[in-house]
């Protein structure tokens, strides 16, 4: 079973909760790196960096990192060696990123993309 790590700050918390439930329902094992409650003072590096380090260490197979725009989550995740994070807001880029660019972390912006497309 594929283990998917998921992380978000306050800007991506609601989408993280929805995607985690969807992934579990689709048969994936989800490892939630937080935030575990909505807190306006939290910040994406506090959750995305532990996710990225777990991915680099082989503790999860793929990652999903979410913030308001997805940009900060992508920048933070890519600072960890062994992580290839991409800002994804469309199906074509998601496919290309995985198939052609070895992307292993999807970064999404809750304020940019709706839950149905995510």
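Give the residue that is surrounded by the fewest Cβ atoms within 10 Å (Cβ to Cβ), with candidates limited to residues of region 64-118 that are in a helix (DSSP H, G or I) and touching a residue at least 24 places away in the same chain (Cβ under 8 Å). Out of the qualifying residues, it is 91.
Considering 51, 38, which residue is touching a residue at least 24 places away in the same chain (Cβ under 8 Å) and either over 14 Å from the mean Cα position of the chain (by Cα) or surrounded by fewer than 15 Cβ atoms within 10 Å (Cβ to Cβ) (or both)?
Only one candidate passes the filter, namely 38.
Based on what the data block shows, is residue 87 within 13 Å of residue 6 (Cβ to Cβ) and touching a strand residue (DSSP E or B) at 6+ places or on another chain (Cβ under 6 Å)? For residue 87, the condition - within 13 Å of residue 6 (Cβ to Cβ) and touching a strand residue (DSSP E or B) at 6+ places or on another chain (Cβ under 6 Å) - is not met.
A count restricted to region 51-63 and to residues that are in contact with a strand residue (DSSP E or B) (Cβ under 6 Å, 6 or more places away or on another chain) and not in a helix (DSSP H, G or I) stands at 4. Only one of the listed residues (15, 22) is out of contact with any strand residue (DSSP E or B) (no Cβ under 7 Å at 6 or more places or on another chain) and either under 18 Å from residue 77 (Cβ atoms) or at pLDDT 95 or above (or both). That residue is 22.
The values are calculated or read from the model by the stated rules, or taken from the named source; none is laboratory data. Bear in mind the structure is a predicted one, so any value in this text is a computation, not a measurement. Every residue, glycine as well, gets a Cβ built from its backbone with ideal geometry; the counts of neighbours run over all protein chains shown.
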